[in-house]
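Have a look at the structure below before the remarks.
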Amino acid sequence: MTLDEIRVQIDAVDTQMKPLFLKRMECAGCVAETKRETGGDVFVLERELAIIEKRAGDVAPEVRDEYVMFLRHLMSVSRRYQYGILTEKQDRVLAEALEAAGLSAEKEHSQIEIAFACDAEASDFNLFVNMAKLNQISIISLNLETEEGRQKIRMILKGNLKDQKMRQLLCQIGKEAEGFQIVGM
Ligand SMILES: O=C(O)C(=O)C[C@]1(C(=O)O)C=C[C@@H](O)C=C1
């Protein structure tokens with residue numbers, strides 16, 4: 001097969017996947033509305049692990065890792081979408097962090113310094129760096145120290161707390177990492 005012929009196949013696959021992806025996001029939106037009513041957490045690790053185990057078990061070893069990564073990524077995007085809908089969760093996470101830091105969102109700023117911790121083995125830190133990229137937010141500086149299996153991270157992000165993408169990112173980190181803090185702006 002020529003490269004052009006293979007690309008025709010890739011285009012056909014993407015065409016088939018698009019409505020399925022959109023349908024999945026629509027489901028994620030419904031889940032968010034349900035969680036708004038019940039007050040449940042967006043991130044449910046056991047459910048994600050069950051999905052991965054159920055789906056990835058029969059995938060050929062050569063592409064199993066890639067498929068697991070695809071699922072993990074898909075679910076992190078689904079969570080991001082949910083945090084985007086649940087604006088009251090964003091408001092709460094950010095208001096609490098600002099209050100703890102003695103800061104006001106009204107303060108003029110163009111960067112935000114944050115701190116949080118992650119389990120080193122699960123390495124959710126990598127996901128947050130990826131999420132910053134997907135949210136089009138630049139990491140200006142980064143410090144990571146690993147101590148007793150925990151990654152302690154401090155980073156300065158370029159942007160403003162009023163920006164929707166920044167709010168979604170910080171809400172996701174705030175809800176999914178440990179000890180999220182806004183250190184300064
Ligand atoms: O099932 C849920 O509770 C969801 O929010 C959906 C979903 C998913 O996209 O599959 C997303 C986030 C959770 O961590 C688990 C699964």
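Just to verify a result, which residue in segment 72-88, among those that are among the charged types (D, E, K, R) and surrounded by fewer than 19 Cβ atoms within 10 Å (Cβ to Cβ), is nearest to the chain's Cα centre (by Cα)?
Going through segment 72-88, the residues among the charged types (D, E, K, R) turn out to be 72, 79-80, 88.
So of that shortlist, the ones also surrounded by fewer than 19 Cβ atoms within 10 Å (Cβ to Cβ) come out as 72, 88.
Details: Arg72: 10, Glu88: 17 Å.
Restricting to residues being among the charged types (D, E, K, R) and surrounded by fewer than 19 Cβ atoms within 10 Å (Cβ to Cβ), the top hit is Arg72.
Residues being open to solvent by less than 60 Å² (accessible area, probe 1.4 Å) and more than 8 Å from the ligand (Cβ to nearest atom): count how many of those fall in segment 45-64.
Within segment 45-64, the first condition is being open to solvent by less than 60 Å² (accessible area, probe 1.4 Å), and the residues that meet it are 48, 50-52, 56-57, 59-60.
When the remaining residues are screened for being more than 8 Å from the ligand (Cβ to nearest atom), the result is 50, 52, 56-57, 59-60.
Number of matching residues: 6.
Test each condition in (1) more than 10 Å from the ligand (Cβ to nearest atom); (2) within 16 Å of Gly174 (Cα to Cα); (3) surrounded by 13 or more Cβ atoms within 10 Å (Cβ to Cβ) for Val42 and report the one that comes out false.
Tallying (1) more than 10 Å from the ligand (Cβ to nearest atom); (2) within 16 Å of Gly174 (Cα to Cα); (3) surrounded by 13 or more Cβ atoms within 10 Å (Cβ to Cβ), Val42 fails exactly one: (1).
This table checks each residue for (1) under 26 Å from Gly84 (Cβ atoms); (2) within 11 Å of the ligand (Cβ to nearest atom); (3) in contact with a Cys (Cβ under 9 Å, 6 or more places away or on another chain).
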site: Thr2; (1), (2), (3): no, no, no
site: Ile6; (1), (2), (3): no, no, no
site: Glu26; (1), (2), (3): yes, no, no
site: Gly29; (1), (2), (3): yes, yes, no
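Which condition does Leu144 not pass, out of (1) of a type in the set (A, V, I, L, M, F, W, C); (2) more than 16 Å from the chain's Cα centre (by Cα); (3) open to solvent by less than 60 Å² (accessible area, probe 1.4 Å), if it passes all the others?
Unmet for Leu144, out of (1) of a type in the set (A, V, I, L, M, F, W, C); (2) more than 16 Å from the chain's Cα centre (by Cα); (3) open to solvent by less than 60 Å² (accessible area, probe 1.4 Å): (3).
When only residues in segment 119-168 that are at pLDDT 95 or above and among the hydroxyl-bearing types (Ser, Thr, Tyr) count, which is farthest from Val68 (Cα to Cα)?
It comes out as Ser141.
Here are some conditions: (1) out of contact with any helix residue (DSSP H, G or I) (no Cβ under 7 Å at 6 or more places or on another chain); (2) within 8 Å of the ligand (Cβ to nearest atom). His73 meets all but one. Which one does it not meet?
(2)
The values are calculated or read from the model by the stated rules, or taken from the named source; none is laboratory data. Only a predicted model underlies this, so the values are computations on that prediction, with no experimental measurement involved. For neighbour counting, all protein chains shown are included, and Cβ atoms are generated from backbone atoms with ideal geometry for every residue, glycine included. Heads up: the accessible areas ignore ligands, DNA and RNA and are worked out on the full protein's heavy atoms, side chains in. Shrake-Rupley method; radii C 1.70, N 1.55, O 1.52, S 1.80 Å.
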